[in-house]
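Below: the structure, in structure tokens.
The values are calculated or read from the model by the stated rules, or taken from the named source; none is laboratory data. The structure presented is a predicted model; accordingly, all values stated were derived computationally and were not measured. Cβ coordinates were reconstructed from backbone atoms using ideal geometry, including for glycine residues, and neighbour counts include every protein chain displayed. Note: accessible area is taken over every heavy atom of the protein model, side chains too, but ligands, DNA and RNA are not part of it. Shrake-Rupley method; radii C 1.70, N 1.55, O 1.52, S 1.80 Å.
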Amino acid sequence: MVKPVAKLFRDPAKNIMAEIGKTAALMKNVIDLSIGDPDMDTPRPIVNATTQAMLEGNTHYTASDGDPRYLQTIVNFHNQHFGSNYGLDNVRATVGASHATDLAFGALLDPEDEVIIFEPYFAPYKVQVEQFHGKPVFVTCKAENNFQPQKEDIEATITAKTKVILVNSPNNPTGAVYDQQVLQDIVTLAEKYDLYLIADEVYWPYVFNERTFIPLENLAPKRTIVTGSLSKVFAMTGFRIGYMLAPKELITAAGLLNEGVTYTAPSMAQVAGTYGLQNVHELAVPLQDEFGKRLIYLSKELNKLSWAKTIPVAGSIYLFLDITGSGMDDIEFSDYLLEQAGILVIPGQAFGQGGRGFVRIAATQNMETLKKAVVGFNALSFADQQTVK
Ligand SMILES: Cc1ncc(COP(=O)(O)O)c(C=O)c1O
């Protein structure tokens, strides 16, 4: 007998997506609206700049915190675009935002420290906290508040052990974009209880219907760690490139932790990120416009269904659809949608208990395919159907 794996992974929770994915894999012509990976090609100029850099020998380790050109570009971008005030001491290159979040938790958490996470939430956060023996504490955000966290709910969960509040706006999976007042409330609580803030900003360009992206770091620069990513901004998820912006001592701690994790980020992906951020307007706007069109179309069409409703489109690349009027729970509904209409979505409870009764629809297919999906939704009927409007 060999000793078992770490306790954290001995009894894994049922993987809802893997089960549905198995069924989908056996079917033909599935409309896959499950994956949060933009369907567009990475802009060709980014690919060309990366290829050229590799041909010129840019295939080695960079400095452990990152290629100075990439780091300077991130700092310039945040300072010019968002009005922040970062220097080169405040930045490191990471292997996507996932890695940045991981390093942030590792740099911040001692055993039993608590992290407040607003749910529904991006599922990996939980294990990211637990692997450092921290404790995730969930605050449910409700559809009636457009999935914006409420100050009283947050304050009620703060204890002497609370160390961090994690903020993801524009939000995956709900599509919420937090109001200025909500962000100000979070900052007020962070100051009152001396907490850190992690701002997961991977969807920053994706704000629609007159909403604006508000960088949390500008409201609380001394206590905020930004986890940034180029994955969604430029449809370049496979490059695995992101960054972390934070007060200097946290960047130093993250560097110590990362020495034995990835050491640095891939050199060629840093070239890609540099090119992208230096040409952000030209390269990101077409993607932004396309996702806006898709979400507004889906929202308009799916809100016509008597048994479904959504909050007004605000941001991200997802629609979080309330399907309680179908009379089914979100897992049953997702199975039924797959069997009857060949459409794959993610049941809301994959994002925590607060996601029950919803499904996440990723707008990661072209308009033609989304139109077919709308026909599929319209063809559904349910034994216990109710009107929800
Ligand atoms: C909210 C959120 N944070 C982080 C990530 C991870 O991004 P990256 O590809 O940069 O690791 C994702 C990916 O879907 C996400 O939705």
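Annotation note: Cβ proximity below 7 Å between a residue of segment 372-389 that is over 14 Å from residue 361 (Cα atoms) and a residue that is surrounded by 15 or more Cβ atoms within 10 Å (Cβ to Cβ) and of a type in the set (Lys, Arg) (sequence gap 6+ or interchain) occurs for 388/309; 389/309. Among the residues that make up segment 74-83, is at least one of them within 15 Å of the ligand (Cβ to nearest atom) and within 15 Å of residue 227 (Cα to Cα)? Yes: one or more hits. Among the residues of segment 194-220, those identified as of a type in the set (Phe, Trp, Tyr) and within 16 Å of the ligand (Cβ to nearest atom) are 203, 204, 206, 213.
So residue 359 clears everything in (1) β-branched (Val, Ile, Thr); (2) part of a helix (DSSP H, G or I); (3) crowded, with 24+ Cβ neighbours inside 10 Å except one condition, right? Which one? Result: residue 359 fails condition (2) only.
Using the structure shown, decide if residue 252 is assigned to a loop (DSSP other than H, G, I, E, B), away from the ligand (no atom under 14 Å from the Cβ) and either closer than 30 Å to residue 180 by Cβ or out of contact with any His (no Cβ under 6 Å at 6 or more places or on another chain) (or both). Don't jump to the end; show me each part of the working.
Working: assigned to a loop (DSSP other than H, G, I, E, B): no; away from the ligand (no atom under 14 Å from the Cβ): yes; either closer than 30 Å to residue 180 by Cβ or out of contact with any His (no Cβ under 6 Å at 6 or more places or on another chain) (or both): yes.
Against the criterion (assigned to a loop (DSSP other than H, G, I, E, B), away from the ligand (no atom under 14 Å from the Cβ) and either closer than 30 Å to residue 180 by Cβ or out of contact with any His (no Cβ under 6 Å at 6 or more places or on another chain) (or both)), residue 252 does not qualify.
When residues in segment 246-281 are screened for being of a type outside the set (Val, Ile, Thr), modelled with pLDDT of 95 or more and within 25 Å of residue 363 (Cα to Cα), 5 of them pass. Within the span defined as segment 56-70, one or more residues are touching a helix residue (DSSP H, G or I) at 6+ places or on another chain (Cβ under 8 Å) and within 16 Å of the ligand (Cβ to nearest atom). Residues in segment 103-159 that are more than 16 Å from the ligand (Cβ to nearest atom) and among the hydroxyl-bearing types (Ser, Thr, Tyr): 140, 157, 159. Residues in segment 280-325 that are among the basic types (Lys, Arg) and either assigned to a loop (DSSP other than H, G, I, E, B) or over 21 Å from residue 386 (Cα atoms) (or both): 3 in all. Applying the criterion of being β-branched (Val, Ile, Thr) and within 15 Å of the ligand (Cβ to nearest atom) to the residues of segment 84-102, the residue that is most open to solvent (accessible area, probe 1.4 Å) is 95.
For segment 309-337, the set of residues classified as surrounded by fewer than 22 Cβ atoms within 10 Å (Cβ to Cβ), more than 30 Å from residue 233 (Cβ to Cβ) and in contact (Cβ under 8 Å) with a residue 24 or more places away in the chain consists of 324, 325, 327, 328, 329, 331, 335, 336, listed by residue number.
Every residue, every condition in (1) polar (S, T, N, Q); (2) more than 20 Å from residue 72 (Cβ to Cβ); (3) in contact with a Lys or Arg (Cβ under 7 Å, 6 or more places away or on another chain); (4) within 11 Å of the ligand (Cβ to nearest atom), yes or no:
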| position | (1), (2), (3), (4) |
| --- | --- |
| 230 | no, no, no, yes |
| 240 | no, yes, no, yes |
| 245 | no, no, no, no |
| 248 | no, no, no, no |
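Looking at residue 311, is it among the β-branched types (Val, Ile, Thr), in the same structural domain as residue 191 (by TED's automatic domain parsing) and in contact with a strand residue (DSSP E or B) (Cβ under 8 Å, 6 or more places away or on another chain)? Judged against the criteria, residue 311 is not a match.
Count of segment 41-57 residues, restricted to those that are closer than 23 Å to residue 235 by Cβ and open to solvent by less than 40 Å² (accessible area, probe 1.4 Å), is 6.
Kindly establish whether residue 359 is in the same structural domain as residue 12 (by TED's automatic domain parsing), within 25 Å of residue 118 (Cα to Cα) and aliphatic (A, V, I, L, M). Yes, satisfied.
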